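Quick notes on the structure that follows.
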Amino acid sequence: MTKIYIAGHRGMVGTAIKRRLETRRADGEALELITATHAELDLTDQVQVRDFMNANKPDIVILAAAKVGGIHANNTYPADFIYENLMIQSNVIHQAHSAGVQRLLQLGSSCIYPKGASQPMREDALLTGTLEPTNEPYAVAKIAGIKLCESYNRQHGTDYRSVMPTNLYGPGDNFHPENSHVLPALMRRFHEAEASGAEEVIIWGSGTPRREFLHVDDMAEASLFVLDLDRATYDANTEPMLSHINVGSGTDISILELAKMVAKVTGYTGTITTDPSKPDGTLRKLMDVSRLANMGWRARIDLQDGIRETYAWFNEQSENTLRAK
């Protein structure tokens, strides 16, 4: 029986990973899935994490827990983003090692790369330039997580791996009007505009920045693919101090093109206007996913199909909320 602790099992990615592991268990794989809600375990509390690891003794830890948000949230709460993510990673990784956990998978973010990194961004672009100012505190925390894993591997011989996803979306996403990422934020805005009959939707920035998007189910599949790689294969395709792996679709789209795609899916037919006075963020963020492709994994969910599926989920949740009132 393999005991797997999923930190952040209620988040979008953690939920998707848990679903996939539950399918494996139903198919006969001997797995025990360990989870804890925030009310049961505060990952920023070192003592709580230590006691939890010692009590449960997992064989594998999947670190999908993080404080995340879009440009507005990162600009408004920079101290929260750097502190909470540093504490979560430090506590989980160190206490996992202290409890004898040999295998760990940490999920990071594409924002670790410099603002001016060559496109598409290769893993070796890490620490080669200045970070995007709007999310620098969060990015610094995620870089620290990579280096924690690498350092424990070098000093203690553990097998701690890191995957860096591009912008994720899908069922379970955060659709908060202020604290969500670009795709769910657009989906909510166009949904509400269509429902109210609004003639115009204004989107932040110039609309020209390009972004890459990956469905959360693809991310869950890729995460377990990397986790399952034998040590020799993983080591042969990485370096001790450059061990993280990019996960993405390998294609990108402009924010304005994305807005038009979301508008079409939601049925909105009004005018889409850009607001260049708002920040654009990095002009382009496309991941080089050749490292992962060379190991045998590629994304399979088309963006438009994924948006359509996510919007169906969003509507279902709205209906459930209304029925519950």
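FYI, it's all coordinate maths here, none of it is from the lab. All values derive from a computational prediction rather than experimental measurement. Cβ coordinates were reconstructed from backbone atoms using ideal geometry, including for glycine residues, and neighbour counts include every protein chain displayed.
Under a 5 Å amide H cut-off, with hydrogens placed 1.01 Å from N, Lys278 pairs with Gly205 among residues at least 5 apart or on other chains.
Springs between Cα atoms under 10 Å define the GNM used for the chain, and in it the highest mean-square fluctuation of Leu21, Leu283, Leu43 occurs at Leu283.
Between the amide H of Arg284 and those of Arg210, distances stay under 5 Å, these residues lying 5 or more places away or on another chain, with hydrogens modeled in the peptide plane. Given the pairs Lys57/Lys142; Lys18/Lys264; Lys115/Lys278, which span a C-alpha to C-alpha distance of over 21 angstrom in this model? Checking Cα-Cα distances, Lys57/Lys142; Lys18/Lys264 exceed 21 Å.
In order along segment 230-244, the phi-based Karplus estimate (6.51 cos²θ - 1.76 cosθ + 1.60, θ = phi - 60°) of 3J(HN,Hα) comes to 5, 4, 5, 5, 4, 5, 5, 9, 10, 10, x, 10, 8, 9, 6 Hz; Gly and Pro are listed as x. Amide H contacts of Asn167 (H built 1.01 Å from N, in plane; Pro and chain starts excluded): Glu212, Leu214 sit under 5 Å, all sequence-distant by 5 or more or on other chains.
Coupling constants for segment 17-30 follow from the phi torsions by the Karplus curve (6.51 cos²θ - 1.76 cosθ + 1.60, θ = phi - 60°), and in residue order they are 5, 4, 4, 5, 5, 5, 5, 4, 5, 5, 7, x, 6, 7 Hz; glycine and proline get x. Each residue of segment 287-298 is assigned a 3J(HN,Hα), and the resulting list reads 8, 7, 10, 5, 4, 6, 4, 5, 8, x, 10, 9 Hz, derived from the Karplus form 6.51 cos²θ - 1.76 cosθ + 1.60 (θ = phi - 60°), x at Gly and Pro.
Ranked from largest, the principal axis spans of the Cα set of segment 2-324 equal 59, 48, 38 Å. Each of Asn237 and Ser98 was given a label point 7 Å from its Cα along the Cα-to-Cβ line. The distance between the two points is 3.4 nm. Segment 245-321 and segment 88-104 have Cα centres spaced 33 Å apart. When the chain is treated as a GNM with alpha-carbon contacts under 10 Å, the residue of Ala39, Ala236, Ala125 showing the greatest mean-square fluctuation is Ala39. Per-residue ellipticity at 222 nm computed for the chain from its helices equals -14500 deg cm²/dmol, with DSSP H segments shorter than 4 residues left out and the rest contributing -39,500 (n - 2.57).
Panel order for Tyr268, Tyr5, by other beta carbons found within 10 Å of each beta carbon, from fewest to most: Tyr268, Tyr5.
Return the loop-located chymotrypsin sites (Phe, Trp or Tyr not before Pro) in segment 140-169 (DSSP other than H, G, I, E, B) with at most 11 other Cβ atoms within 10 Å of their own Cβ; answer none if there are none. Let's see the in-between values first.
Values: sites: Tyr152, Tyr160, Tyr169; in loops: none.
Answer in residue order: no site qualifies.
Using the alpha-carbon centroid of each, what span in Å lies between segment 113-127 and segment 17-59? So the two Cα centres are separated by 33 Å.
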